[in-house]
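Colleague: I am attaching a structure below and will ask some questions about it afterwards.
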Amino acid sequence: MRILILGAGKMGNFFTDLLSFEHEVAVYDQEPQRMRFTYNCARFSSLEEVKQFEPQLLINAVTMKYTIEAFRAVMPFLPQQCIVSDIASVKTGLREFYEGCNHPFVSSHPMFGPTFANLNQLSNENAIIIAEGDYMGRIFFRDLYNKLGLNIHEYTFEEHDRTVAYSLSIPFVSTFVFAAVMKPQDAPGTTFKRHLNIARGVLGEDDFLLREILFNPYTAEQVGHIRDELNALLDIINDKDAEAMKQYLTKIRTNIHGQKTP
């Protein structure tokens, strides 16, 4: 299969390495120097080369801020039958784009990212494939993610956005609150250092990505739950209510116990 990958960032390079020994892979990036470490693939610096390559599948791995812009730039150079795809963690505007692009499409979300995940050991990670996509495109990504040992879930665009609002906005907002109130520590404890490392990783993400996750239409509800829990905990602390604290700890331990261990 001839596969074109847009973007030579961390995820673009990950997919290039993953696919280039079983498929004919080409990479295009507007900044050619970013492709200097790509291996076993063609490296394109102009969209005219894309036209000659005639890809059968396009994987758009450009940073989320420019995903749709990159699609629009490459569309005139793609064969009509080429399946177009994205791996964006936020799908804002993509459903509408696909509806008018006149190409078969598939949308997926590998939910491991390069910041925290071990890309060589992904069996505890998840991936979402959007159910509205092209059947053959969905089969391709399902097979690919199966080979990686990922836990695969198939959601609609709306179900995906609801899931992301829960699974990303809650830890992100919790991290923001930690970072907003923290002060430098000369002798930080182990828990503080772990939270600090998480905060550095989250805040190292692209600002546009963070903004779009928080501006997801389903995020405000989740942040409201955090506010309510903080208010309840503050009442327990102010009242020094030992019994209420015991009940609260029991509740949250039950929540943690019900969550799968990574």
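Colleague: Given the structure, is Pro110 more than 18 Å from the chain's Cα centre (by Cα) and either touching a residue at least 60 places away in the same chain (Cβ under 8 Å) or buried (at least 17 other Cβ atoms within 10 Å of the Cβ) (or both)?
Modeller: no
Colleague: While we're looking at this one, here's another question. Which condition number does Arg43 fail, the rest of (1) among the basic types (Lys, Arg); (2) more than 20 Å from Leu144 (Cβ to Cβ); (3) in contact (Cβ under 8 Å) with a residue 40 or more places away in the chain being met?
Modeller: In the conditions (1) among the basic types (Lys, Arg); (2) more than 20 Å from Leu144 (Cβ to Cβ); (3) in contact (Cβ under 8 Å) with a residue 40 or more places away in the chain, Arg43 misses (3) alone.
Colleague: Continuing with this model, one more query. Please enumerate the residues belonging to region 136-167 that are small (Gly, Ala, Ser) and at negative phi.
Modeller: Gly137, Ala165, Ser167
This table checks each residue for (1) modelled with pLDDT of 90 or more; (2) more than 28 Å from Phe15 (Cβ to Cβ).
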| residue | (1), (2) |
| --- | --- |
| Glu154 | yes, no |
| Ser167 | no, no |
| Pro171 | yes, no |
| Phe176 | yes, yes |
| Asn197 | yes, no |
| Glu205 | no, no |
| Glu212 | no, no |
| Asn238 | yes, yes |
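Colleague: Can I ask one more? Hey, Glu154 hits all of (1) touching a residue at least 40 places away in the same chain (Cβ under 8 Å); (2) over 22 Å from Lys65 (Cα atoms); (3) acidic (Asp, Glu) but one; which does it fall short on?
Modeller: Status for Glu154: all satisfied but (1).
Colleague: Residue check: is Arg194 basic (Lys, Arg) and closer than 30 Å to Phe141 by Cα?
Modeller: The answer is no for Arg194.
Colleague: Follow-up. Answer yes or no: is there a residue in region 84-91 that is farther than 30 Å from Pro171 by Cα, without any contact (Cβ under 8 Å) to a residue 60 or more places away in the chain and open to solvent by less than 40 Å² (accessible area, probe 1.4 Å).
Modeller: Checking region 84-91: at least one residue is farther than 30 Å from Pro171 by Cα, without any contact (Cβ under 8 Å) to a residue 60 or more places away in the chain and open to solvent by less than 40 Å² (accessible area, probe 1.4 Å).
Colleague: Consider region 30-54. How many of its residues are under 24 Å from the mean Cα position of the chain (by Cα) and at pLDDT 95 or above?
Modeller: Total satisfying the criteria: 0.
Colleague: Note down all Cβ pairs under 8 Å where the first residue falls in region 165-180 and is touching a residue at least 24 places away in the same chain (Cβ under 8 Å) and of a type in the set (Val, Ile, Thr), the second is part of a helix (DSSP H, G or I) and open to solvent by 60 Å² or more (accessible area, probe 1.4 Å), and they're at least six residues apart or on different chains.
Modeller: Close Cβ pairs satisfying both conditions: Ile170/His225; Thr175/His195; Thr175/Ile198; Thr175/Leu203.
Colleague: Sticking with this structure for a sec: Given (1) in contact (Cβ under 8 Å) with a residue 40 or more places away in the chain; (2) of a type in the set (Val, Ile, Thr); (3) within 20 Å of Leu148 (Cα to Cα), where does Thr16 come up short, assuming only one miss?
Modeller: Single failed check for Thr16: (1).
Colleague: Thr67 versus (1) closer than 24 Å to Ile139 by Cα; (2) open to solvent by 30 Å² or more (accessible area, probe 1.4 Å); (3) of a type in the set (Ser, Thr, Tyr): which is the lone unmet condition?
Modeller: Here Thr67 clears every test but (2).
Colleague: Right, something else. From the residues in region 1-36 that are of a type in the set (D, E, K, R) and assigned to a loop (DSSP other than H, G, I, E, B), which one is most open to solvent (accessible area, probe 1.4 Å)?
Modeller: Step by step, filter region 1-36, then rank; the result is Arg36.
The values are calculated or read from the model by the stated rules, or taken from the named source; none is laboratory data. For clarity, every value in this text was computed on a predicted model and none was experimentally measured. Positions of Cβ are backbone-derived with ideal geometry, glycine not excepted, and every protein chain shown enters the neighbour counts. Areas reflect the complete protein model, heavy atoms only, side chains present, ligands, DNA and RNA absent. Shrake-Rupley method; radii C 1.70, N 1.55, O 1.52, S 1.80 Å.
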